[in-house]
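The values are calculated or read from the model by the stated rules, or taken from the named source; none is laboratory data. These numbers were taken from a predicted model, which means no experiment stands behind them. Neighbour counts run over all protein chains shown; Cβ positions are idealised from the backbone, glycine included. Heads up: the accessible areas ignore ligands, DNA and RNA and are worked out on the full protein's heavy atoms, side chains in. Shrake-Rupley method; radii C 1.70, N 1.55, O 1.52, S 1.80 Å.
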Amino acid sequence: MSSRILLVYFTHTGMTGQIAKLIRRVTECDEEQIIPQVPYPEGVFKTIKQVRHDGPLYRPVINEFTHDVKKYGTVIIGTPVWTDGLPPPVLTFLEANDWRGVKIFPYFSTGGVYIDVYPALQSKCEGAAIANPLYLVYDLNGRFLDLRE
């Protein structure tokens, strides 16, 4: 297994992406962003409405990845926490990969909603060694409030 690190993240409002930029600066890692082919609407409430309309089983098509997670010993996964848990594009990514033998270090950004999405991540990444997550909490204006483990 490779000792290389892959940073994979999904960002909608930019908070998770800001954290990814910091991680990228301090680690020698490759980077891949999860991008849905059809973007979500701008604004929290419009996005919530769209996700609820799509339903819990909906998995959007995401852009093709240039990196194969199986070629990395460690994958850092960053995602926002949405009102219903993990965002659908993240679920598309998680369900499309074989996680056996991969070490995962997750971080979650949340703008006030604090749902424990760690069990959902664990259920989608069977066979992976998953570290305890970091939760970065922001207010709805994007100001950092708290770091929870």
Only one of R52, R59, R143, R100 is under 30 Å from R4 (Cβ atoms) and open to solvent by 90 Å² or more (accessible area, probe 1.4 Å), namely R100
Is there a residue being open to solvent by 50 Å² or more (accessible area, probe 1.4 Å) and among the aliphatic types (A, V, I, L, M) anywhere in the stretch 66-77? no
T47 - would you say it is outside any helix (DSSP H, G or I), touching a strand residue (DSSP E or B) at 6+ places or on another chain (Cβ under 9 Å), modelled with pLDDT under 95 and under 18 Å from T92 (Cβ atoms)? no
Is the stretch 32-39 home to any residue that is buried (at least 20 other Cβ atoms within 10 Å of the Cβ) and under 17 Å from I5 (Cα atoms)? yes
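Let's see how each residue does on (1) over 22 Å from T13 (Cα atoms); (2) in a loop (DSSP other than H, G, I, E, B):
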| residue | (1), (2) |
| --- | --- |
| P39 | no, yes |
| Y58 | no, yes |
| T66 | yes, yes |
| T79 | no, no |
| V90 | no, no |
| P119 | yes, no |
| Q122 | yes, no |
| V137 | no, no |
Quick check, is T74 over 23 Å from Y138 (Cβ atoms), of a type outside the set (D, E, K, R) and at pLDDT 95 or above? yes
Against the definition (of a type outside the set (A, V, I, L, M, F, W, C), more than 21 Å from V61 (Cα to Cα), out of contact with any His (no Cβ under 6 Å at 6 or more places or on another chain) and in contact (Cβ under 8 Å) with a residue 24 or more places away in the chain), how does R25 come out, yes or no? no
Consider D54 carefully, then state whether it is charged (D, E, K, R), in contact with a Pro (Cβ under 9 Å, 6 or more places away or on another chain), at pLDDT 90 or above and farther than 17 Å from L134 by Cβ. yes
Filter result for V137 (in contact with an Asp or Glu (Cβ under 7 Å, 6 or more places away or on another chain) and either closer than 24 Å to R25 by Cβ or without any contact (Cβ under 8 Å) to a residue 12 or more places away in the chain (or both)): yes
